[in-house]
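Taking it in order: structure first as structure tokens, then the write-up.
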Amino acid sequence: MQIPFVNLRRQHEPILADMQAALNHLISSNRLMGGEAIQSFETKFADYLGVCNVVSCANATDALEIVLRAWRIQPGDEIIIPANGWMSAAEAIRLLGATPVLVDNHPNTFNIDLQKLSEKIGARTKAIVPIHLYGNPVDMKQLTGLADSHGLKVLEDCAQAHGASVDTKKVGCWGEVGIFSFYPTKNLGAVGDGGAIATNNNALAERCRAIANHGQLEKHTHTILGRNSRMDAWQAKVLSLKIPYLERWNRRRQQIANHYLESWQKLPIKLPQKNDNAVWHLFVVQVENRDKVRGDLAKLGIQTEVHYPIPVCQQPLFEKFRDPAGYPNAERQAHHVLSIPLYPELTDVEVEYIVAAVKKVTESVVR
């Protein structure tokens, strides 16, 4: 049996006719950028999240930078981020000349360690960027409470957590602003790239919208220095078609994740922490002899990935921002993490094959 890490063909097959009809309509309407498709998607996604404003843009990395620019982050300002996660947050911070302050990851959740975060807050700290890594939400009640007590802004990186929640409140709605990625493999993915900014702050939304559109809210009137970061209408149409399926897809992800957790309890691997609010964008275990385990699973037809082999805190680009004490959790996790296939379109037969294969391989390799 061959099981790819992601199978987007299966996701698209049931809605392919609707996708083709949407594309045909866009082509015949001669409106491939902006217009009704963008407005409709922004409204639908805002309603889904429960926020007043969604501002679409080209990708989530742009979304991060646009928000930081809208906040007028300056060189010398400090922004707190986790020591491991995708590098977009650190990248956007540095593009503005600000300083990323890295905090070690929690040993069980993979997210930023909130106990260690408070130690990193200083006179120059302006904001915190929690990353809901792998679809597992950060404890936003605790984080926002800490941020409020120090007068700090919160920008939630929800690129891997569409639909995740904390106390029934969706991520992206806890801080002043949340950003999302619609890269094709995300829980809610386009067929190209795309990103979005979600906020209840109307003035911030307006400024972000202007920055993303060459600094203009009114055509030919450029009020601030902006950039070109637009979502195209085709991506917006696809995302609008997929939003009604997201909750169902996330429930299937959780069903598979729970089965993995129950089936592998006695294996010599460290399982991710169970969280009923997680949306399981990735199912990431920690295992000794990872590369051998990964190779043996590949021989059985199971494709795995590593998210991420070199953490942000060890990237050459950010070496000068490292804490001399290091980041033991993030660094250890990077050497042991292995992502197992988990997506809604996996059949029960495939899930059981994965369960058996992981048991077989880890028991023979790790022990």
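The values are calculated or read from the model by the stated rules, or taken from the named source; none is laboratory data. Everything numeric here is computed off the predicted structure, so don't read it as measured data. When we count neighbours, we look across all protein chains shown, and the Cβ atoms used for this are built from the backbone with ideal geometry, even at glycine.
For Arg251, the criteria (1) under 30 Å from Ala37 (Cα atoms); (2) within 22 Å of the chain's Cα centre (by Cα); (3) in contact (Cβ under 8 Å) with a residue 12 or more places away in the chain hold in every case but one, which is (3). Residue count for the range 222-240 under the criterion of being in a strand (DSSP E or B) and in contact with a Gly (Cβ under 9 Å, 6 or more places away or on another chain): the result is 2.
Within the range 13-38, being under 30 Å from the mean Cα position of the chain (by Cα) and polar (S, T, N, Q) holds for one residue alone: Gln20. Scanning the range 323-366 for residues that are closer than 16 Å to Lys292 by Cβ and assigned to a loop (DSSP other than H, G, I, E, B) yields a single hit, Val366. Within the range 82-93, residues that are β-branched (Val, Ile, Thr) reach no partner that is surrounded by 24 or more Cβ atoms within 10 Å (Cβ to Cβ) and part of a loop (DSSP other than H, G, I, E, B) with beta carbons closer than 7 Å at six or more positions or on different chains.
Residue-level analysis places Ser56 among those that are surrounded by 19 or more Cβ atoms within 10 Å (Cβ to Cβ), out of contact with any Leu (no Cβ under 8 Å at 6 or more places or on another chain) and of a type in the set (Ser, Thr, Tyr).
Candidates in the range 324-354 are the residues that are aliphatic (A, V, I, L, M) and surrounded by fewer than 18 Cβ atoms within 10 Å (Cβ to Cβ); of these, the one that is farthest from Arg10 (Cα to Cα) is Ala325. Of the residues making up the range 142-194, those that are more than 11 Å from the chain's Cα centre (by Cα) and among the acidic types (Asp, Glu) are Asp148, Asp167, Glu176, Asp193. Gln74 meets each of the listed conditions (1) modelled with pLDDT of 95 or more; (2) crowded, with 19+ Cβ neighbours inside 10 Å apart from (2). Checked against the criterion of being aliphatic (A, V, I, L, M), free of Cβ contacts under 8 Å to residues at least 24 places away in the same chain and in the same structural domain as Arg227 (by TED's automatic domain parsing), the range 187-204 contains one or more residues that satisfy it. Among the aliphatic types (A, V, I, L, M), crowded, with 19+ Cβ neighbours inside 10 Å and touching a helix residue (DSSP H, G or I) at 6+ places or on another chain (Cβ under 7 Å), is that true of Ile224? Judged against the criteria, Ile224 is not a match. Of Tyr308, Tyr260, all but one fail to be outside any loop (DSSP other than H, G, I, E, B) and hydroxyl-bearing (Ser, Thr, Tyr); the exception is Tyr260. Checked against the criterion of being loosely packed, with under 15 Cβ neighbours inside 10 Å and under 23 Å from Leu261 (Cα atoms), the range 311-323 contains not a single residue that satisfies it.
Which residue is surrounded by the most Cβ atoms within 10 Å (Cβ to Cβ), if the candidates are limited to the range 97-139 and must be small (Gly, Ala, Ser) and closer than 18 Å to Gly175 by Cβ? Quick ask: steps written out before the conclusion?
Taking the range 97-139 and keeping what is small (Gly, Ala, Ser), we get 97-98, 118, 122-123, 127, 135.
Those left that are additionally closer than 18 Å to Gly175 by Cβ: 98, 118, 127, 135.
Numbers: Ala98: 20, Ser118: 12, Ala127: 23, Gly135: 30.
So, considering only residues that are small (Gly, Ala, Ser) and closer than 18 Å to Gly175 by Cβ, the one surrounded by the most Cβ atoms within 10 Å (Cβ to Cβ) is Gly135.
All but one of (1) outside the structural domain of Ser56 (by TED's automatic domain parsing); (2) outside any loop (DSSP other than H, G, I, E, B) hold for Leu267; state the number of the condition that does not hold. Here Leu267 clears every test but (2). Here Trp280 fulfils each of the conditions (1) under 16 Å from Ile3 (Cβ atoms); (2) in contact with a Gly (Cβ under 8 Å, 6 or more places away or on another chain); (3) not in a helix (DSSP H, G or I) apart from (1).
Conditions tested, residue by residue: (1) assigned by TED's automatic domain parsing to the domain that holds Arg230; (2) small (Gly, Ala, Ser); (3) touching a residue at least 60 places away in the same chain (Cβ under 8 Å).
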{"residue": "Ile15", "(1), (2), (3)": "yes, no, yes"}
{"residue": "Ala21", "(1), (2), (3)": "yes, yes, no"}
{"residue": "Asn30", "(1), (2), (3)": "yes, no, no"}
{"residue": "Ala37", "(1), (2), (3)": "yes, yes, yes"}
{"residue": "Phe41", "(1), (2), (3)": "yes, no, yes"}
{"residue": "Leu49", "(1), (2), (3)": "yes, no, yes"}
{"residue": "Asn53", "(1), (2), (3)": "yes, no, yes"}
{"residue": "Cys57", "(1), (2), (3)": "yes, no, yes"}
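The condition of being among the polar types (S, T, N, Q) and surrounded by 14 or more Cβ atoms within 10 Å (Cβ to Cβ) holds for only one of Gln39, Gln11, Gln2, that being Gln11. Test Arg294 against the stated conditions and say whether it is of a type in the set (D, E, K, R), closer than 25 Å to Met140 by Cβ and not assigned by TED's automatic domain parsing to the domain that holds Asn84. Judged against the criteria, Arg294 is not a match. For the range 145-169, give me the residue count where each residue is buried (at least 23 other Cβ atoms within 10 Å of the Cβ) and charged (D, E, K, R). Of the residues in that region, 2 qualify. Here Val284 passes the criteria (1) at pLDDT below 95; (2) closer than 21 Å to Ser339 by Cβ; (3) of a type in the set (A, V, I, L, M, F, W, C) except the one numbered (1).
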